[in-house]
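**Q** If you scroll down you'll find the structure; I have some questions about it.
The values are calculated or read from the model by the stated rules, or taken from the named source; none is laboratory data. As the structure is a computational prediction, the values presented were derived from the model and not from experiment. Methodologically, a virtual Cβ is constructed for each residue, glycine included, from the backbone with ideal geometry; neighbour enumeration extends over all protein chains shown. Just the protein is used for accessible areas: all its heavy atoms, side chains included, with ligands, DNA and RNA removed. Shrake-Rupley method; radii C 1.70, N 1.55, O 1.52, S 1.80 Å.
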Amino acid sequence: MIGTPRVHHRVTDSTNARARELAAAGAPHGTLVTAEQQTAGRGRQGRAWVAAPAEALLMSVVVRELGAAMLPLGAALAVAAACEALTGAEAGIKWPNDVWLGGRKVAGILLEGRPQEGWAVIGIGLNVATREFPAELSGLATSLALAGAEAPHVEVALAELVPRLDAWIEAPAEHVVAAWRLRDALLGKEISWGGGSGTAAGIDDSGALLVDLVDGGGRVSLDAGEVHLGSGG
Ligand code: BTN
């Protein structure tokens, strides 16, 4: 079960850093690290993850069941379903695992791991009570408070998320892929990435993003990295 044991920090640099230490020291599957505040929250692609104290769910989970599961996609499904339960708004996923409400990012997921040692850490940052974002995020970021009638308590958000994470981590790959396809926020949209641009055409059975290149240039699949909405021109 996810959440046992649980370590809560009032302040730490990064819950992912704490969870990685615990995993390397042998912490069991499901070990949960949470924090009210992070001083050096980490995002994907080497970016920082910033959240005001007590306004976001900041959590990392040690995972040791790495079998057939597709952790990055499964974690996003769990977060999306929890967001819907908490707000009543429909949640989408921008490949691979940004969770969107109303066309803006409400949660990010950072997966770090040592597969050869049999563990991974799923780090989740979910904006819960934030009502104002820094200028550079305005128009891009949202929170449960902005998307629903009332901001749930961070612990309530955690309680909605944990059983869903448990279920999606264990789910067979084909179920994860099928459910993920129903939440694909990029499908049919113009996207760009470091290597080009085209129209997002869903994911393949391994979770890679399919893109139809511009001007009939064929179809490519991206299995890592980051894509942006828009042609990038
Ligand atoms: C992203 O770039 O979208 C991923 C953001 C992941 C942020 C969370 S907050 C809790 C956990 N600890 C970290 O340092 N990062 C993740």
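**Q** Before anything else, pin down the relative contact order of the range 147-225: Cα pairs under 8 Å, at least 6 apart, normalised by residue count, whole percent. Show your work: numbers first, answer last.
**A** Details: 75 pairs, mean separation 12.5, N = 79.
This gives 16 percent for the range 147-225.
**Q** If we count every other residue with Cβ under 12 angstrom of V220's Cβ, Lys/Arg +1 and Asp/Glu -1, where does the sum land?
**A** On the way: positive: R219; negative: D204, D212, D223.
Residues near V220 contribute -2 overall.
**Q** Which value, in nm² and rounded to one decimal, describes the direction-averaged projected area of the C-alpha convex hull of the chain?
**A** Values: hull surface 49.0 nm².
The number I arrive at for the chain is 12.2 nm².
**Q** Let me ask something else. Taking K and R as +1 and D and E as -1, what net charge do the other residues with C-beta under 14 Å from the C-beta of M1 add up to? It would help to have the intermediate numbers written out before the result.
**A** Values: positive: R6, R64, R164; negative: E65, D166, E170.
That works out to 0.
**Q** What distance in nm separates the two pseudo spin-label positions at E21 and A208, each 7 Å out from Cα along the beta-carbon direction?
**A** 3.8
**Q** Rounded to the nearest 20 Debye, what is the dipole magnitude of the chain about its Cα centre when Lys and Arg each give +1 and Asp and Glu each give -1 at the C-beta? Please list the in-between numbers first.
**A** Details: 18 positive and 26 negative charges, 76 e Å.
About 360 debye.
**Q** Another question about this same structure. Please report the net charge: other residues with Cβ closer than 13 Å to the Cβ of C83, K and R +1, D and E -1. Walk me through the numbers before you get to the answer.
**A** Details: positive: R104, K105, R164, R183; negative: E84, E90, D98, E160.
Around C83, the charge tally is 0.
**Q** Are there GluC sites (Glu not before Pro) in the range 88-131 that DSSP marks as loop and that have at most 16 other Cβ atoms within 10 Å, and which are they? Intermediate values should be presented prior to the final figure.
**A** Values: sites: E90, E112, E117; in loops: E90.
Sites meeting the loop and neighbour criteria: E90.
**Q** Counting only helical runs of four or more DSSP H residues, what would the 222 nm mean residue ellipticity of the chain come to if each run contributes -39,500 (n - 2.57) and the total is spread over all its residues? Could you put the intermediate results ahead of the total?
**A** On the way: 5 runs with 57 residues, N = 233.
Only helices count here, giving -7500 deg cm²/dmol.
**Q** Quick check: the distance between the Cα centres of the range 82-119 and the range 169-218, to the nearest angstrom?
**A** The range 82-119 and the range 169-218 have Cα centres spaced 15 Å from each other.
**Q** Hey, another quick one. For the range 13-100, take every pair of Cα atoms, bin their distances at 10 Å starting from 0, and report each bin as a whole percent.
**A** Binned Cα distances yield the sequence 16, 40, 39, 5.
**Q** Let me ask something else. DSSP loop (so not H, G, I, E, B), at most 16 other Cβ within 10 Å: list which GluC sites (Glu not before Pro) in the range 121-210 pass both filters. The partial results should precede the final answer.
**A** Details: sites: E132, E136, E150, E155, E160, E170, E174, E190; in loops: E132, E150.
In loop regions of the range 121-210 (DSSP not H, G, I, E or B), the sparsely surrounded GluC sites (Glu not before Pro) are E132, E150.
**Q** A further question on this structure: Please report, as a whole percent, how much of the solvent-accessible surface of the range 118-217 comes from carbon and sulfur atoms (probe radius 1.4 Å). Could the numbers behind the result be given before it?
**A** Values: 2550 of 4580 Å².
Result for the range 118-217: 56 percent of the exposed heavy-atom area is carbon or sulfur.
**Q** Based on the mean of other Cβ atoms within 10 Å per residue, sort peptides 1-10, 31-40 so the most packed one is first. Walk me through the numbers before you get to the answer.
**A** Working: 1-10: 13.9, 31-40: 20.0.
Sorting 1-10, 31-40 by mean packing, highest first, produces 31-40, 1-10.
**Q** Can you give the extra length, in nm with one decimal, that the chain gains between R181 and H228 once fully stretched, where that is 0.36 nm per residue apart less the Cα-Cα distance? All intermediate terms of the calculation are to be shown ahead of the outcome.
**A** Details: separation 47, 0.36 × 47 = 16.92 nm, distance 1.81 nm.
Between R181 and H228, full extension yields an extra 15.1 nm.
**Q** Find, among the trypsin sites (Lys or Arg not before Pro) in the range 14-62, those assigned to loop by DSSP (not H, G, I, E, B) with at most 14 other beta-carbon atoms within 10 angstrom. Display every interim value, and only then the final one.
**A** Working: sites: R18, R20, R42, R44, R47; in loops: R47.
Counting only loop positions with at most 14 other Cβ atoms within 10 Å, the trypsin sites (Lys or Arg not before Pro) in the range 14-62 are R47.
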